[in-house]
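The values are calculated or read from the model by the stated rules, or taken from the named source; none is laboratory data. This is a predicted model, so every value here is computed, not measured. Backbone-built Cβ (ideal geometry, glycine too); neighbour counts: all protein chains shown. Remember, those area values only see protein heavy atoms, side chains included, never the ligands or the DNA or RNA. Shrake-Rupley method; radii C 1.70, N 1.55, O 1.52, S 1.80 Å.
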Amino acid sequence: MEDLSMKRSWQSRDWSHFIKLFRGLTFYERFEQAIILTLIALIMLVTAIATIHLIGAVWHLVVDVGIDPINQTIFQAIFGAIFTVIISLEFKHSLLVVLAQHENVIRVRTIVLIALLAIARKFILLDLHDVTAMELFALSAAVLALGAVYWLVREQDARVARDAREQAHLEDNPAARCEPERSSS
């Protein structure tokens with residue numbers, strides 16, 4: 001929900017407001033914002049090219065080759081290309097969030113999510129006849145570790161958001177500070 005409202009607020013901003021904000025930044029903050037804008041443009045270009053290649057591959061699959069449900073190599077390649085586009089879109093979105101919120105860093109949760117998507121892509125592309133048990137174990141361990149980190153970071157973000165809401169409630173309602181806490185027993 002938070003990302004959707006942030007997306008709307010970013011899209012509804014006019015350029016004059018953006019320019020005013022940019023003028024209020026220090027030189028280094030302007031530099032960071034310019035780099036982020038450049039990275040977003042490059043990611044958009046790469047994503048567009050990857051999508052064009054994906055469209056061409058699917059077109060070739062449907063028109064020239066015909067869809068052969070038995071040939072898993074073709075499906076692995078197509079779904080790998082789809083995941084590549086999804087990963088690049090998620091990466092672009094994370095940069096837009098940094099730009100819109102004027103933060104200095106990308107959130108850990110976003111990086112872990114992108115890593116999970118990349119490993120999911122790797123699992124799709126795996127040929128089980130060529131992979132060793134150790135490689136499969138290592139990828140599985142990486143997924144479990146990243147999943148645990150994602151869960152811990154999500155819990156921490158929820159706790160921080162809850163504390164911020166409680167603090168805002170106390171600031172908006174001074175009488176709430178004077179009320180003693182009620183016992184639940």
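Is it true that some residue in the stretch 26-37 is closer than 25 Å to A118 by Cα and touching a helix residue (DSSP H, G or I) at 6+ places or on another chain (Cβ under 6 Å)?
Looking for residues that are closer than 25 Å to A118 by Cα and touching a helix residue (DSSP H, G or I) at 6+ places or on another chain (Cβ under 6 Å), one finds at least one in the stretch 26-37, hence yes.
Pull up the stretch 160-185, narrow it to residues that are of a type in the set (D, E, K, R) and at pLDDT 80 or above, then point me to the one that is most open to solvent (accessible area, probe 1.4 Å).
Going through the qualifying residues, I end up with R165.
Of all residues in the stretch 104-140, which are more than 11 Å from the chain's Cα centre (by Cα), of a type in the set (K, R) and open to solvent by less than 80 Å² (accessible area, probe 1.4 Å)?
Residue satisfying the conditions is R121 alone.
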